[in-house]
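Please read the structure below before turning to the comments.
The values are calculated or read from the model by the stated rules, or taken from the named source; none is laboratory data. Because the structure is predicted, anything quoted here is derived from the model rather than measured. Please note: Cβ atoms are built from the backbone with ideal geometry, for glycine as well, and neighbour counts cover all protein chains shown.
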Amino acid sequence: MSEVTISAQQAKPAALIEARDFSVILGANRLVALKGVNLTVEAGEIVVLVGPSGCGKTTFLNSLCGLLPPSAELSGSLTVAKDVRLGYMPQKDALLPWRTVLGNVEVGPELRGLSKADRLAKAEPLIELVGLSQFRNHYPHELSGGMRQRVSLARTLAYEPDVILMDEPFAALDAFNRTALQEEILRINDKTRLTVLFITHDLSEALVLGRRVAVMSNRPGRIVDIYPVDLPEPRSAAKLRGTDAFLLLFQKLWNVLMEESDPTKRGEA
């Protein structure tokens, strides 16, 4: 198997991330986690990955972040455009419990060596952006789950990433908070043209957020197809659900996912 190229070379201007025939083999038992993945993520768009559990969605994000174990065998290419900064927002918020909301959001600027005044100048607008200004001096244990995820989002934005990788960040939230944070992502994307690669098991969430939805196969994971989501803009998580266009696309993707989730189709490593 040829050696993979994970590089930071200049791709075509609009493509911030590009995978070409990208494959990953993990562990002593040589589990084929990804096989021949082809995907691009362009500037300013939200691309959502959906697929059966264990199909390699998180492995793909970990590949981009350099979080795979040293023993992993890679082939194909995974290219990040020159000077592109990646931010990562996992399912668990992982906030520092001894720091306030403001202190947590300041982590990125602090690590970059910014002065206290400059850290405040970066952090405070982001706290306002996610609607937590009045909680800036609260500690994580004083916040609800939805509020903690808002802090996590602000903290990620404080690193000033060009692309945010989001691995089921709202999975543990109740329906109300989940919808509220979906609206937050849409609002921020409309305002800043933030680029997002988002993983979810929730097909409704995928259609609300995604401008394109990439469906992955059962393991070993590959991209089965990529579906453009042509729904009215600006998006509203609350208003889109229940529309004819939304329901038709939901049913189409649901059928594809049910076929790919069939255990008889599961590949062998």
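Of the residues in segment 75-110, how many are within 23 Å of Asn137 (Cα to Cα) and either of a type outside the set (A, V, I, L, M) or surrounded by 17 or more Cβ atoms within 10 Å (Cβ to Cβ) (or both)?
18
Can you give me the ranges of the strands (runs of 3 or more DSSP E) entirely in segment 189-269 with at least 1 residues that are closer than 23 Å to Ala171 by Cβ, in contact with a Phe, Trp or Tyr (Cβ under 8 Å, 6 or more places away or on another chain) and in the same structural domain as Glu45 (by TED's automatic domain parsing)?
In segment 189-269, the matching strands (runs of 3 or more DSSP E) lie at 212-216.
In this structure, is Pro169 buried (at least 22 other Cβ atoms within 10 Å of the Cβ) and under 16 Å from Ile46 (Cβ atoms)?
Yes; evaluated as a whole, the condition is true for this residue.
Taking the condition under 17 Å from the mean Cα position of the chain (by Cα) and either among the basic types (Lys, Arg) or at pLDDT 90 or above (or both), does Glu73 pass?
Criteria not met by Glu73.
Any residue that is out of contact with any His (no Cβ under 6 Å at 6 or more places or on another chain), of a type in the set (Phe, Trp, Tyr) and farther than 28 Å from Asn38 by Cβ - is there at least one of those in segment 234-248?
The answer is no; no qualifying residue exists.
Taking Arg219 as meeting all but one of (1) over 24 Å from Met147 (Cβ atoms); (2) in contact with a helix residue (DSSP H, G or I) (Cβ under 8 Å, 6 or more places away or on another chain); (3) at pLDDT below 90; (4) buried (at least 23 other Cβ atoms within 10 Å of the Cβ), write down the number of the exception.
It is condition (2) that Arg219 fails.
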